[in-house]
Amino acid sequence: MHQLSFTSDEYSLSSATAPLADRMRPQSLEDYVGQTHLLGKGKLLRQMLEKDQVCSMIFWGPPGVGKTTLARIIAGHTKSDFLNFSAVTSGIKEIREIMKQAEDNRNYGIRTLVFVDEIHRFNKAQQDAFLPYVEKGSITLIGATTENPSFEINSALLSRCKVFVLKELSAEDLTKMLCRTMADHRGFGSTTVHLEENTLPAIAAFANGDARKALNTLEMAVLNGDITPEGSIRITDKTLEQCLGRKAFLYDKKGEEHYNLISALHKSMRNSDPDAAVYWLARMLEAGEDPLFIARRLIRFASEDIGLADSQALQIAVAAYQACHFNGMPECNLNLTQAVVYLSLAPRSNALYRAYETAKTDALNQLSEPVPLVIRNAPTQLMNELHYGEGYVYAHDRAEKMARMTCLPESLKDRRYYLPTEEGMEGILKERLEKSRAFRLREEPTVS
């Protein structure tokens, strides 16, 4: 394994007393990592800042993605007085005091940006206390929440704020941030640190998109590293394993190993090999993979590789996702194991996958095919006159619960997309489908 060294002329760890995450807090958009879907060139939030037309807003996203930092940067960019307000420790009395200060600022021509962390913790009365000041423009309110604002924030307040969804940071973003920390004087730029090539990517993978967690882990690794006779610090794999509480597996910057492992899991389940599938599952979880990412792939697998051969598979995969959301790691590892073993041993069918892919090809090649008149809706007299819905038969009115109608466009009326196998429940569905198609192909008997 290659080693990396971050070197400076000085060695000064003791002078840095604030936590690393606070010291490395970005001061400008140029230093800010992630959220390119909001802050990239031409994106909405970036344009609002460039035009100095910032409105009240809600930042919704997981912990450690930079909600507070972004609010501070916006305050600095708009030359506003920044008031940091915690919903955990404050009540209506504190809100009124803050609002009075904002009103005083306004009288002096100073804009006030009020940042409310964990705004979802406020009750309705507390949230309502902000309303008149937001409406008058006395303050620009930025609320941060890890919960869905549609359910946790008053509709009256929410309607006056623009919601921006902040995404968890990628491993590549976090690795870039950690490299900058090693070179920056606010971080460990005044320290000579030797580390293995995989150290920073391993910390980034362990952090699961949380910048604060990544920086705290790096700080712990440096502070507990071995001090060499020359006064430098060496971070070994053993030190890193102790800080992570697990073996440091290598996830490279481009995510190749990340995708190799999920591919190994998927193909092991497809091959009905639960032993291999559980091994690859453990490899990913112990390397710091996000359990929700794995659960999402299991949901896809349930429909792509099992489908209607066992409809229970999709329910189990969705339940595993919910269990991961409720429990988190390490408790959810058994929930995922249960799903992986079940999916590995369930009957196989890729008929749904083939059906959609074939239908997608026809849909893309024939996007303008009209809907048959017989199955069009006819809510107006004009549509009736144009024969919309003419000849439509309500299937429930028939003893067979089917009608002899062609529901595909004329040019595709003979196409067959869903071709079920004989596996599991799909064998029964195949028999039903064959009877359905045979009935619909027969001509309606004429009444003499």
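The values are calculated or read from the model by the stated rules, or taken from the named source; none is laboratory data. These numbers were taken from a predicted model, which means no experiment stands behind them. Here the Cβ is made from the backbone with ideal geometry for all residues, glycine too, and neighbour counts use every protein chain on show. Ligands, DNA and RNA are excluded from the accessible area calculation, which covers all protein heavy atoms including side chains. Shrake-Rupley method; radii C 1.70, N 1.55, O 1.52, S 1.80 Å.
Kirkwood hydrodynamic radius, the chain, all distinct C-alpha pairs: what's the number in Å? Across the chain, the inverse of the average 1/r is 27.0 Å.
Count the net charge of all other residues whose Cβ sits under 12 Å from the Cβ of ASN384, scoring Lys and Arg as +1 and Asp and Glu as -1. Could the numbers behind the result be given before it?
Working: positive: ARG376; negative: GLU385, GLU390.
Combined, the nearby Lys, Arg, Asp and Glu give -1.
Below 8 Å, C-alpha to C-alpha, sequence gap of six or more: please give me the relative contact order for the chain in percent.
Values: 649 pairs, mean separation 58.2, N = 448.
It comes to 13 percent, rounded to a whole number.
Only helices enter the 222 nm calculation for the chain: every DSSP H run of n ≥ 4 contributes -39,500 (n - 2.57), and dividing by all residues gives -13500 deg cm²/dmol, rounded to 500. Net charge of the neighbourhood of GLU147, taken over other residues with C-beta under 14 Å away and scored Lys/Arg +1, Asp/Glu -1, is -1. Applying 0.36 nm per residue to the separation of HIS387 and LYS162 and subtracting their alpha-carbon distance, the gain on full extension is 76.5 nm.
Please compute the per residue accessible area over segment 293-448 with all protein chains in place, 1.4 Å probe, rounded to a whole number of Å².
Working: 10130 Å² over 156 residues.
Ligands and nucleic acids excluded, the figure is 65 Å² per residue.
In segment 15-79, which trypsin sites (Lys or Arg not before Pro) fall in coil by DSSP and have 14 or fewer other Cβ atoms within 10 Å?
Numbers: sites: ARG23, LYS41, LYS43, ARG46, LYS51, LYS67, ARG72, LYS79; in loops: LYS41, LYS43, LYS51, LYS79.
Qualifying residues, ordered by number: LYS41, LYS43, LYS51, LYS79.
Evaluating 6.51 cos²θ - 1.76 cosθ + 1.60 at θ = phi - 60° for every residue in segment 100-115, the Karplus couplings come out as 5, 4, 5, 5, 4, 4, 4, 5, 9, x, 9, 7, 10, 10, 9, 9 Hz, glycine and proline recorded as x.
If you roll a 1.4 Å probe over segment 298-442 with all protein chains in place, what percent of the accessible area is carbon or sulfur? Mind dumping the intermediate values first?
Numbers: 5100 of 9130 Å².
Whole-percent figure for carbon plus sulfur exposure: 56.
In the chain, a dipole from Cβ-located charges (positive for Lys and Arg, negative for Asp and Glu) runs towards its positive end, and of PRO379, LEU157, HIS396 it is PRO379 whose Cα lies farthest in that direction. Between the beta carbons of LYS79 and GLU197, assuming R0 = 51 Å, the FRET efficiency works out to 0.75 to the nearest 0.05. Taking Cβ separations below 4.7 Å as the criterion for a possible disulfide partner, the isolated cysteines in the chain are CYS55, CYS161, CYS179, CYS243, CYS407.
Taking segment 283-323 and a reference point 7 angstrom along Cα→Cβ of THR361, the backbone N atoms nearer than 20 Å belong to 304-305. Averaging the sequence gap over all C-alpha pairs within less than 8 Å and six or more residues apart, then dividing by the number of residues, gives segment 12-107 a relative contact order of 23 percent.
Listed by chain and number, the lysines whose alpha-carbon sits under 23 Å from that of LYS162, ignoring those within fewer than 8 places in the same chain, are LYS41, LYS43, LYS51, LYS67, LYS79, LYS124, LYS136.
How long is the gain from THR406 to PHE439 if the chain were fully straight, where each residue apart is worth 0.36 nm and the alpha carbon distance is subtracted? Provide the component values of the computation, followed by the final result.
Numbers: separation 33, 0.36 × 33 = 11.88 nm, distance 1.19 nm.
In short, 10.7 nm is gained.
Straight-line cross-link reach from LYS238 at under 29 Å between alpha-carbon atoms covers these lysines, not counting any fewer than eight positions away in the same chain: LYS176, LYS213, LYS247, LYS253, LYS254. For the pair segment 296-358 and segment 168-242, the centres of their Cα atoms are 36 angstrom apart. If you take all other residues with their beta carbon under 11 Å from the beta carbon of ARG186, and give Lys and Arg +1 and Asp and Glu -1, the sum is 0.
Order 208-220, 122-134, 394-406 from most to least packed using the mean count of other Cβ atoms within 10 Å. Numbers along the way, then the final one.
On the way: 208-220: 22.0, 122-134: 17.2, 394-406: 11.3.
Result, highest mean first: 208-220, 122-134, 394-406.
With all pairs of different C-alpha atoms in the average, the Kirkwood value for the hydrodynamic radius of segment 108-189 is 15.3 Å.
Between ALA205, ALA363, ALA351, the GNM of the chain built on Cα springs shorter than 10 angstrom shows ALA363 fluctuating the most. Protein heavy-atom accessible surface, 1.4 Å probe, per residue over segment 21-170: 49 Å². Restricting attention to the chain, close to 20% of DSSP beta bridges with both partner residues there are antiparallel.
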